[in-house]
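A short write-up of the structure that comes next.
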Amino acid sequence: MTQLALVIDLNVCVGCHACVTSCKEWNTSGGAGTMGDQNPYGADPTGTFFNRVQTFEVGEFPNTETVHFPKSCLHCEEPPCVPVCPTGASYKRKEDGIVLVDYDKCIGCKYCSWACPYGARELDEQQRVMKKCTLCVDRIYDMTMAPEDRKPSCVKACPTSARLFGDVHDPASEVSVAIRESGGYALMPEWGTHPANHYLPRRKTRIKIHEDELERADNPLKVDRQLPKPAMAEPTLDDVTTW
Amino acid sequence: MIGTAEDHHSNPLKIALSKFKRDGGRFISINPVRTGYSAIADEWVPIRPGTDGALLLAIIHEIIATGLYDREFLVQYSNAGQLINVDESNDEFGFFVRTEVPTEEACYEPQDKLWWDRTTDRAVVTHQPGADPFLLGEFNLPDGTPVKPAFQLLHERVKEYTPEWAAQITGIPAETIRRLAHEMGVTARDQKIELPIAWTDSWGKEHDTVTGNPVAFHAMRGLAAHSNGFQTIRAMSILMSLLGTIDRPGGFRHKAPFPRPIPPCARTPNDPRAVQPNRPLDGMALGWPSDPDDLFVNPDGSPVRIDKAFSWEYPLSVHGLMHNAITNAWRGDPYRIDTLLIFMANMAWNSTMNAVEVRKMLNDKTEDGEYKIPFLVVCDAFHSEMTAFADLILPDTTYLERHDVMSMLDRPISEFDGPVDSVRVPILPPSGDCKPFQEVLIELGTRLKLPAFVTREGARKFRDYPDFIVNWESEPGSGIGFLAGWRGKGGEKSLRGEPNPNQWEMYRKNNCVFHYELPKSYQYMRNWNKGYLEWSQRNRVTRYAEPILIHLYSEVLQRFRAAAQGKGFSRKPPESLKKRVETYFDPLPFYYDPLEAQLTDKHKYPLAAVTQRPMAMYHSWDSQNAWLRQIHTHNYLYVNARTALRQGIADGDWIWVESQWGKVKCMARHSEAVEPGTVWTWNAIGKAAGAWNLTPDANESQKGFLLNHLISEELPDGGSRISNSDPITGQAAWYDVRVRISKVGAGETATGVQNTSPQFEPMKPYPGMKTRAAILAFFGGKSK
Ligand code: SF4
Ligand code: SF4
């Protein structure tokens, strides 16, 4: 059974927010839209986003890591947001594992957003329905698009290609290989939600220089520290010492 | 990566960093702050602002002390081995010793310098077959003149710049500095890349391969925008040269039209008579002075330009000094002006230093009631703070509504493998009464009957901007114009050729980009690559095809210094500037405290304050966008948590930030990702109330703030004032300001409602500006 998901490589995400705005750009105009904004040009503007990037500082100066952390619905394999929904608006698709909300059934009761341990759902204040990432379900199967465009909008936009998309149940897929080989992990596994989305951790490249590597036989100082030979005609001690 | 803010270079850099990391590269970020790009660095090296020069000089010290420099590269491709006159009593002191050499044709920098040859133990003309110079030592020419190779002088210069010395200044442990030097040196030496690309050097020697020493540096304004920035960048360039990593695989690669002679050939006029009423400037507005006689000064040495660029105060100010134009005009120093035209610069806000005072200057009047800057024209696409001061606003289009060129004549988007330029074509019609500023300029030029825009008979030459771009040539029949692609009658020529009436169409068909890929053998070692240099000369990219040796030792700087010392026949600086020119025009890089810091009691103002723009916004354009402003609605001052707590400042507290020049009130945010002696904030998030068509109570003005109020555009200098800039280049010292912070007292707000300070009277909407809806539910139209 297919389970589509995003794998986000925190090793290269620079926190540019391109995924945030491209997500909103696509989805506000698509089947999941609109994604309204309140007070867009006034005090305390706020609006609906399916994807947000949060930035954390980890550790104490000078051993600080700054982590940019893009966060959207993780399309859990055991999604707690689904059974709590009184109207059946929240559901998980059998064919590809995408968790969706049927706006026509949603009554905006917010049970699902309380049940989601990840804070991935946002109530659209204007339409009064619950909204969240759809994995761009209206792109990925759109046969009128070129094959390379049949990906979530955020994946297309990410300049560092930090966002991978594919079937985490297919062991040969790019996402499965990345999870396996680069230490991919799921968020808060203790909740038993089995998130489909995974994150790849920071990986550090270090150089170890051994002392004997510092100076080599061809060290240029061996040439440059040599001073010119004195002229043959210059007097020496040898010329005047008779014993 | 050093001194790079996170909005710089934008997407190409993000793409390259991710590729670099995935290819296993080691990424070190040297920055007072760890955000954006630095976040994904393998190692973050926090540094105090303005001290990068000390770090780089200490690394140079260590590279030389351990012999980790690329000797062969320095000997062949730099002036490391060239002999310099060290007889202080001689007028030629500090200059290269020259000899007569036959030159076939005019050239820029003849190869008439000397090496002290190790085999024959005598002075020989450089690059003689079989000769190999001493890089260290002191020698006497047959006439007794004492001489030293440039490398020896560099070695002497950096002797005292030990890692321990730099540790005190930069805050980076000496051990780390040493390790960084060793990592760079050993990688450059032992991880060489050898590409099977044959090429011929300028001296006729054929090479089967191109060698690369894979250590690369990326630096931006964090290095440059200090008053010691020029010498810092010289230090970095010298470090790259010592590592042998210039225009080689894995290193610093040139982009066309570079490499160019040092300095490039363009010059401004050097005589005030070049400026005449009702006549165009007789020469280039910007250029590269190479000696005092190139300066644009009056006979008494005073500046000709309103911004004092190319004067003794800032001789090599190749970008001008925009940040002083308003202050100078207001004061009438060097003179008054009647009209100031501002394009795309928010000089009443985030594009100026000292915004509070500059806003007053823009409105200030003389005793007889006349405005000090009588007529102010502002061209802007947005309702920026600057427009409020305009007598005349020229509403500009955004880049989506007009034609633009990223021309070979002005910072094209070239790639490492060859020249690239590009265009923009409008994808939307202009809205309202907007007119692209380019069209305004062409119209102005034509109506003023400037020779570039009208025929000899005075008739209009160019219909509009697209027509101008296609048909303008640098001189009649030169074949050099704005765009390098699809030139010639039918678009069959590149770089040079007759105007092509269908050039725009051809760009459009090619995704708006022209990319000329050089043959592989011309893609590397271009300073000394015979094939490349001849190609460049034939295509009139450069005038000369001679090798462009790297200046470890800068004779150009020495010329200014010698003049300041009263030597030689060139112009001399006015008495009051002699000391300054002599001090800073050092032919070898050196470290000095930034000028503002030299004038500041560091106990009183213990912190350095810097800014950067967030990645989500490029520059300040569009930061009022409804979605982007939800990402950064207002800014905080980021303070190292321990620094803040020592003053009893809790996370989120309201604080005063004071420099010698001004005071702002804002909110503090604790951070572990900033070095303890630095505070920083996002620039251009804070806005004036009512500006950018945001409501006057918007967070940007009530909780956001501008650090610019704390930065002075001038510094006291004896009895007078001098620009807060690099004394060599006039580069604005944006990142030099020193501040102190304190908690806002309980009784300091009357209403109990805190907002940032200073506040200004809210800007009014202009007639016809729409009030915005309280809810935005954007639904874009489908294309097709
Ligand atoms: S992340 Fe939250 S909203 Fe998404 S499937 Fe899991 S529980 Fe449901
Ligand atoms: S677009 Fe990519 S790099 Fe930018 S914030 Fe999103 S995941 Fe990170």
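The values are calculated or read from the model by the stated rules, or taken from the named source; none is laboratory data. These numbers come from a predicted model, not from an experiment. Glycine also receives a Cβ, built like all others from the backbone with ideal geometry; neighbour counts cover every protein chain displayed. Just so you know, the surface numbers come from the protein's heavy atoms only, side chains and all, with ligands and any DNA or RNA stripped out. Shrake-Rupley method; radii C 1.70, N 1.55, O 1.52, S 1.80 Å.
Below are the figures for this structure:
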| read-out | value |
| --- | --- |
| Test item: B:733-742 mean partner chain Cβ contacts at 10 Å | 0 |
| Partner chain coverage, peptide B:110-120 - average Cβ within 10 angstrom | 1 |
| Under the Karplus curve 6.51 cos²θ - 1.76 cosθ + 1.60, θ = phi - 60°, whole-Hz ³J(HN,Hα) for region B:244-249, x wherever Gly or Pro sits | x, 10, 9, 6, 10, x |
| Calculated P(r) of region B:274-326 - Cα pairs past 16 Å, % | 38 percent |
| Enclosed volume per residue, in Å³, of the convex hull spanned by Cα atoms of chain B | 195 Å³ |
| Value of Rg/Rh across region A:160-208 [Cα atoms, Kirkwood radius] | 1.04 |
| Accessible-area ranking of B:206, B:415, B:385, largest first, probe 1.4 Å | B:206, B:415, B:385 |
| Shape of region B:158-246, Cα gyration tensor, a/c cut at 1.5 | prolate |
| Shielding by partners - mean other protein chain Cβ count within 10 Å, residues of A:215-225 | 6 |
| Label-point separation, residue B:192 to residue A:55 (7 Å along Cα→Cβ), nm | 4.2 nm |
| For region B:172-221, alpha-carbon Rg over 2.2 N^0.38 Å | 1.61 |
| Size of the A/B contact, given as accessible area buried on both chains, probe 1.4 Å, in Å² | 5700 Å² |
| Estimated inter-spin distance, residue B:281 and residue B:742, nm [label 7 Å along Cα→Cβ] | 4.6 nm |
| Descending principal axes extents, region B:688-735, alpha-carbon based, whole Å | 44, 22, 15 |
| In sequence order, calculated HN-Hα J values of region B:232-242 (Karplus, 6.51, -1.76, 1.60; Hz; x Gly/Pro) | 5, 6, 4, 4, 5, 5, 5, 4, 4, 5, 4 |
| Mean separation of Cα contacts under 8 Å (6+ apart) over length of region B:684-769, as relative contact order % | 36 percent |
| Packing-based order for B:456-469, B:583-596, using average beta carbon neighbours within 10 Å, highest first | B:583-596, B:456-469 |
| Average accessible surface area per residue within the protein assembly as shown, 1.4 Å rolling probe, Å² | 44 Å² |
| Relative contact order, percent, region B:658-719 [alpha-carbon distance under 8 Å, six or more residues apart] | 44 percent |
| Rounded to the nearest 10 Å², the accessible area of residue A:26 at probe 1.4 Å | 60 Å² |
| Gained length - residue A:191 relative to residue A:222, 0.36 nm times residue gap less alpha-carbon distance | 4.7 nm |
| Karplus-derived HN-Hα couplings along region B:132-143 (A = 6.51, B = -1.76, C = 1.60, θ = phi - 60°), whole Hz, x at Gly and Pro | 9, x, 5, 9, 10, x, 9, 9, 10, 5, x, 7 |
| Where labels lie 7 Å past Cα in the beta-carbon direction, separation of residue A:142 and residue B:22 in nm | 2.4 nm |
| Sequence-distant residues sharing a close amide H with residue A:77 (under 5 Å, placed H) | A:196 |
| Calculated on alpha-carbon atoms, Rg and Dmax of chain A in Å | 29.5, 117 |
| Zone residues, region B:414-443, relative to residue B:512, backbone N less than 12 Å from point 7 Å out along Cα-to-Cβ | B:422-428 |
| Descending semi-axes in whole angstrom, ellipsoid equivalent of region B:496-655, from the Cα gyration tensor | 44, 36, 16 |
| Efficiency of FRET from Cβ geometry, residue A:128 and residue B:478, R₀ 56 Å, rounded to 0.05 | 0.25 |
| Kirkwood-based shape ratio for region B:221-318, expressed as Rg/Rh from alpha carbons | 1.07 |
| Share of Cα-Cα pairs in region A:53-172 lying beyond 22 Å, as whole percent | 47 percent |
| Residue B:69 long-range amide H proximity, modeled H, under 5 Å | none |
| Against the rule of thumb 2.2 N^0.38 Å, how large the Cα Rg of region B:712-756 comes out | 1.86 |
| Alpha-carbon spread of region B:419-471, three principal axes, descending order, Å | 37, 37, 12 |
| Under 5 Å, built H, 5+ apart or other chain: amide partners of residue B:45 | B:29, B:30, B:31 |
| Global size of region A:138-188 as Cα Rg and Dmax, reported in angstrom | 12.5, 38 |
| Fraction in percent of alpha-carbon pairs per bin - 10 Å, region B:250-404 | 10, 30, 31, 23, 5, 1, 0 |
| Percent of C-alpha pairs per 10 Å bin, region B:1-107, short to long | 11, 24, 27, 19, 16, 4 |
| Per residue convex hull volume, Cα atoms of region B:639-784, in Å³ | 250 Å³ |
| Helical mean residue ellipticity (222 nm; -39500 (n - 2.57) per DSSP H run of 4+; nearest 500) of the protein assembly as shown | -6000 deg cm²/dmol |
| Computed Kirkwood radius, in angstrom, where 1/r is averaged over Cα pairs of region A:116-160 | 12.5 Å |
| Area accessible to solvent at residue B:134, 1.4 Å probe radius, in Å² | 10 Å² |
| Proximal lysines relative to residue B:493, as straight alpha-carbon distance under 21 Å, when same-chain residues fewer than 8 apart are discounted | B:255, B:509, B:520 |
| Rh by Kirkwood over Cα pairs, then Stokes-Einstein D for region B:430-500 at 1.002 mPa s and 20 °C, µm²/s | 164 µm²/s |
| Extension gain (nm, one decimal) between residue B:565 and residue B:156, 0.36 nm per residue minus Cα-Cα | 145.1 nm |
| Chain B - percent of accessible surface contributed by carbon and sulfur, probe 1.4 Å | 53 percent |
| Where only C-alpha atoms are counted, convex hull volume of the protein assembly as shown per residue in Å³ | 220 Å³ |
| Theoretical FRET efficiency, 1/(1+(r/R0)^6), r = Cβ-Cβ of residue B:761 and residue B:622, R0 30 Å, to 0.05 | 0.75 |
| Spherically averaged projected area of region B:521-611 from its Cα convex hull (nm²) | 10.6 nm² |
| Ratio of the Cα radius of gyration of region B:408-561 to 2.2 N^0.38 Å, where N counts its residues | 1.26 |
| Cβ crowding within 10 Å averaged over residues, with B:717-725, A:66-74, A:225-233 ranked highest first | A:66-74, B:717-725, A:225-233 |
| P(r), alpha carbons of region A:165-243 - 10 Å bins starting at zero, rounded % | 13, 20, 12, 10, 11, 9, 6, 7, 8, 3 |
